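Please read the structure below before turning to the comments.
The values are calculated or read from the model by the stated rules, or taken from the named source; none is laboratory data. This is a predicted model, so every value here is computed, not measured. Glycine also receives a Cβ, built like all others from the backbone with ideal geometry; neighbour counts cover every protein chain displayed. Note: accessible area is taken over every heavy atom of the protein model, side chains too, but ligands, DNA and RNA are not part of it. Shrake-Rupley method; radii C 1.70, N 1.55, O 1.52, S 1.80 Å.
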Amino acid sequence: MSFNARDRMIARAARDIQPGMTVNLGIGLPTKVVNFIPKDFPVCFHSENGISGVGPVLSNDDADRNLIDAGGAYVSPLPGTAYFDSATSFAMVRSGRLSLTLLGAFQVAANGDLANWKIPGVFAPGIGGAVELAQKARKVAVLTTHCDKKGRSKIVETCSLPLTAKSCVDRIYTDMAVIDVSDNGLVLREVAEGLTVSDVVAATDAKLNVPAGTCPTF
Amino acid sequence: MLLDKKTTIEEAIGRIKDGDSVMLGGFGVPGTPFCLIQELVRQGQKDLTVIKNDANEKGMGVDWLLENGQVRKLITSHIGLNARAVELKNNGSVEIEFVAQGILAERVRAAGAGLMGFVSDIGIDTEFADGKQQVELNGKVGLLEPAINADFALVHAQSADSFGNLRFSGTAMNFNPLMAMAADTVIVETESYVALGDIQPEDIHCPGPFTDAIVELSDLPEVYGVVQR
């Protein structure tokens, strides 16, 4: 995947963030979304270690040692930022105050099941805050490469890995496509510039419904 | 006049016995009571059950206790940044209980609020529900989440007065005020020790009746600083 393809999918995910949303960006690729939000855009980023109104990431030289996001990056406050304890932070999550969370994925299934925390026998560091974000944000989107490092589709008919949460994903952004999870399965909405619908269908393990007409590019 | 709870770090940590359960504040570096942990390593109490959000990184905080063989069980949400914790889990020498982060916070909060537990639907229909009692409430099925209390909580504060009214800084708050409510004995290390009345009553994050021992930190070791990655 080229640098441009990666940036393009992150920028595409950023374009769906609406004014007034409260958004949690998961660790990894999703945290990069903040770089594509216009300055002064009215959005409130939440970080589960206890901040609403997360400001830009700072260099180590400018960092406040007591101010990190959940991924450990040193961040800055904005006018209106609030700090709170971990119970309050997850009260905000579980009671549905997050408009959107963007999460990474190992696998997403055709019915919206998400697996992003454990590969049995290989990787099992604990769930952190992902299960509550996946289950309780009002909209859950996944931002991930279309295929894993071995070239296998991450978008599958049924997850073989342990689930983070069932039927939670609403939309998937990859380096190849934008895909919605509907009651009737996955629907291809957009393909990345330079790719065709057949490229995406061929690279996807799960069945993709392709609406009639020209598929928009991003 | 309110009781003066200031004491020495040796005396405060000396109250902990082998086999006790100990909550540690902190999410990553901010809010981790490194000096209190260091003293616990020096005194060497064994067979501890430790409750902390994460296992810190190798060479920091909880890792000192793991390296020194003082931990029997760790209740946590995530250990991914500490290769030693992963290894000790895999070879079975430390028992790890994983709890979803907000459920961990709420189980601690419940203990601090004098409750026996609560019911939530987090993790339902996944392996997180394994071994948990199902409860039907208002026509919905949830999981019973028991409160987590502990013999001790070790807490890091930005400022404290002699009665143990506390304030925290930025994201160093995290689990600290919750754990300060949930343990039988609460030991606080503070960066700034202030006179009674210096913190305005409205500005107190954790009221003194929850805390038991206050230790003033003289210098902050480098481990509290910005992590150079």
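Taking the stretch B:39-50 as the region of interest, how many residues are open to solvent by 10 Å² or more (accessible area, probe 1.4 Å) and either within 14 Å of chain A (Cβ to nearest Cβ) or in contact (Cβ under 8 Å) with a residue 40 or more places away in the chain (or both)?
So the answer is 1.
B:Gln134 fails exactly one of the following numbered conditions: (1) closer than 30 Å to A:Asp64 by Cα; (2) more than 13 Å from chain A (Cβ to nearest Cβ). What is the number of that condition?
(1)
Out of the residues in the stretch B:93-102 meeting the condition of being open to solvent by less than 60 Å² (accessible area, probe 1.4 Å) and either among the hydrophobic types (A, V, I, L, M, F, W, C) or more than 9 Å from chain A (Cβ to nearest Cβ) (or both), tell me which one is farthest from B:Ala147 (Cα to Cα).
At the first step, the residues of the stretch B:93-102 found to be open to solvent by less than 60 Å² (accessible area, probe 1.4 Å) are B:94, B:96-97, B:99-102.
Applying the additional criterion that residues be either among the hydrophobic types (A, V, I, L, M, F, W, C) or more than 9 Å from chain A (Cβ to nearest Cβ) (or both) yields B:94, B:96-97, B:99-100.
Numbers: B:Val94: 22, B:Ile96: 17, B:Glu97: 14, B:Val99: 12, B:Ala100: 14 Å.
Top of the filtered list is B:Val94.
So B:Ala110 ticks every box in (1) assigned to a helix (DSSP H, G or I); (2) open to solvent by 10 Å² or more (accessible area, probe 1.4 Å); (3) touching a strand residue (DSSP E or B) at 6+ places or on another chain (Cβ under 7 Å) but one. Which box is left unticked?
Evaluating B:Ala110 over (1) assigned to a helix (DSSP H, G or I); (2) open to solvent by 10 Å² or more (accessible area, probe 1.4 Å); (3) touching a strand residue (DSSP E or B) at 6+ places or on another chain (Cβ under 7 Å) leaves (2) as the failure.
What pairs can you find where one residue is in the stretch A:171-185 and at negative phi and without any contact (Cβ under 8 Å) to a residue 24 or more places away in the chain, the other is open to solvent by 30 Å² or more (accessible area, probe 1.4 Å) and outside any loop (DSSP other than H, G, I, E, B), and their Cβ atoms are less than 6 Å apart, with a gap of 6+ or different chains?
From residues that are at negative phi and without any contact (Cβ under 8 Å) to a residue 24 or more places away in the chain, the pairs are A:Asp180/A:Arg171; A:Asp180/A:Arg189.
Just need a number here: residues in the stretch B:14-59 that are of a type in the set (A, V, I, L, M, F, W, C) and over 15 Å from the mean Cα position of the chain (by Cα).
Total meeting the criteria: 1.
Filter the stretch B:57-90 for residues that are free of Cβ contacts under 8 Å to residues at least 12 places away in the same chain and more than 14 Å from every other protein chain (Cβ to nearest Cβ) and give the result.
B:Gly59
Filter the stretch B:67-92 down to the residues that are open to solvent by 10 Å² or more (accessible area, probe 1.4 Å), assigned to a helix (DSSP H, G or I) and in contact with a helix residue (DSSP H, G or I) (Cβ under 9 Å, 6 or more places away or on another chain) and list them by number.
Of everything in the stretch B:67-92, those that are open to solvent by 10 Å² or more (accessible area, probe 1.4 Å), assigned to a helix (DSSP H, G or I) and in contact with a helix residue (DSSP H, G or I) (Cβ under 9 Å, 6 or more places away or on another chain) turn out to be B:Glu67, B:Arg84, B:Leu88.
For the stretch B:93-106, which residues satisfy the criterion of being under 23 Å from B:Leu36 (Cβ atoms) and assigned to a loop (DSSP other than H, G, I, E, B)?
B:Val94, B:Val99, listed by residue number.
Out of (1) more than 12 Å from chain A (Cβ to nearest Cβ); (2) under 17 Å from the mean Cα position of the chain (by Cα), what's the single condition that is false for B:Gly117?
It fails just one condition, (2).
Taking the criterion of being closer than 21 Å to B:Gly114 by Cβ, of a type in the set (Val, Ile, Thr) and part of a strand (DSSP E or B), would at least one residue in the stretch B:128-145 satisfy it?
Looking for residues that are closer than 21 Å to B:Gly114 by Cβ, of a type in the set (Val, Ile, Thr) and part of a strand (DSSP E or B), one finds at least one in the stretch B:128-145, hence yes.
Condition first: touching a residue at least 40 places away in the same chain (Cβ under 8 Å) and touching a strand residue (DSSP E or B) at 6+ places or on another chain (Cβ under 8 Å). Can you find one or more residues in the stretch A:74-87 that meet it?
no
Considering every residue within the stretch B:95-116, establish whether at least one is touching a Lys or Arg at 6+ places or on another chain (Cβ under 6 Å) and either of a type in the set (D, E, K, R) or without any contact (Cβ under 8 Å) to a residue 60 or more places away in the chain (or both).
Yes: one or more hits.
For the stretch A:88-116, which residues satisfy the criterion of being among the aliphatic types (A, V, I, L, M), over 26 Å from A:Leu58 (Cα atoms) and touching a residue at least 40 places away in the same chain (Cβ under 8 Å)?
A:Ala105, A:Val108, A:Ala109, A:Ala110, A:Leu114, A:Ala115
Any residue at all in the stretch B:124-141 that is in contact (Cβ under 8 Å) with a residue 24 or more places away in the chain, of a type in the set (A, V, I, L, M) and open to solvent by 30 Å² or more (accessible area, probe 1.4 Å)?
no
Restricting attention to the stretch B:22-30, does a residue exist that is touching a residue at least 24 places away in the same chain (Cβ under 8 Å), open to solvent by 10 Å² or more (accessible area, probe 1.4 Å) and aromatic (Phe, Trp, Tyr)?
yes
List the number of the failed condition for A:Thr101; all other conditions in (1) part of a loop (DSSP other than H, G, I, E, B); (2) more than 10 Å from every other protein chain (Cβ to nearest Cβ) hold.
(1)
Looking only at residues that are among the β-branched types (Val, Ile, Thr) and under 21 Å from A:Met92 (Cα atoms) in the stretch B:120-131, which one is farthest from the other protein chains (Cβ to nearest Cβ)?
By that ranking, first place goes to B:Ile124.
For the stretch A:67-112, enumerate the residues that are under 18 Å from B:Ile122 (Cβ atoms), open to solvent by less than 20 Å² (accessible area, probe 1.4 Å), over 15 Å from the mean Cα position of the chain (by Cα) and small (Gly, Ala, Ser).
Scanning the stretch A:67-112 gives A:Ser86, A:Ala87, A:Ser89, A:Gly96.
Across the stretch A:146-177, what is the total count of residues that are open to solvent by 60 Å² or more (accessible area, probe 1.4 Å) and among the polar types (S, T, N, Q)?
3
Against the conditions (1) farther than 30 Å from B:Pro177 by Cβ; (2) modelled with pLDDT under 95; (3) crowded, with 17+ Cβ neighbours inside 10 Å, where does A:Val34 fall short? Just the number, please.
Only one criterion is unmet by A:Val34, namely (1).
Under 20 Å from B:Asp4 (Cβ atoms) and in contact with a strand residue (DSSP E or B) (Cβ under 6 Å, 6 or more places away or on another chain), is that true of B:Ser218?
no
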